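Encoded as structure tokens, the structure appears first; notes follow it.
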Amino acid sequence: MAEGDSLFAIGNLDDAEKSYRDALGKDRNQVNAYLGLTMIYAARDERNKVVRTLKELLSILPPGSEDYARVQGQLKSIEGDNP
């Protein structure tokens, strides 16, 4: 995960995306990988991918948790901008 974060920090979005996807390929419950992908898609202005990734993240978070509520709020905010 640190590799993806480092690559994102220097603007290497393609390799950062690959790193996050590789992490998810090993463990679909990597919350930080989903968040990393969301940041990449937002930086590329790929709204539909942001929404899809946040929905995937919601599917692994326990309903009622603070993280679930936070991600759900982000998703509603984005979808409210342009449903």
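Here are a few things to note about the model shown:
- Per-residue HN-Hα couplings for the stretch 42-51 [Karplus 6.51, -1.76, 1.60; θ = phi - 60°; Hz; x = Gly/Pro]: 5, 5, 8, 6, 9, 4, 4, 5, 4, 4
- Dipole of the stretch 2-81, positive end: most advanced residue of Asn29, Gln72, Ala42 [Cβ charges, Cα centre]: Gln72
- Cα gyration tensor shape for the chain, rounded if a/c is under 1.5, else prolate or oblate: oblate
- Helix 13-26 vs. the chain, principal-axis angle (Cα, 0 to 90°, nearest 10): 70
- Sparse-neighbourhood loop sites, trypsin sites (Lys or Arg not before Pro) in the chain - DSSP loop, at most 13 other Cβ within 10 angstrom: Arg28, Arg44
- Cut-off under 5 Å, modelled amide H: who pairs with Arg44 long-range: none
- Rough spin-label spacing in nm, given labels placed 7 Å along Cα→Cβ, for Val31 and Leu58: 1.7
- Proximal lysines to Lys26, defined as alpha-carbon separation beneath 18 angstrom and excluding residues fewer than eight positions away on the same chain: Lys18
Readers should treat all values here as calculations from the given coordinates under stated rules, not as data from a laboratory. The shown structure was predicted, so the numbers you read here are calculated from the model rather than taken from an experiment. Note: ideal-geometry Cβ built from the backbone for every residue, glycine included; neighbour counts use all protein chains shown.
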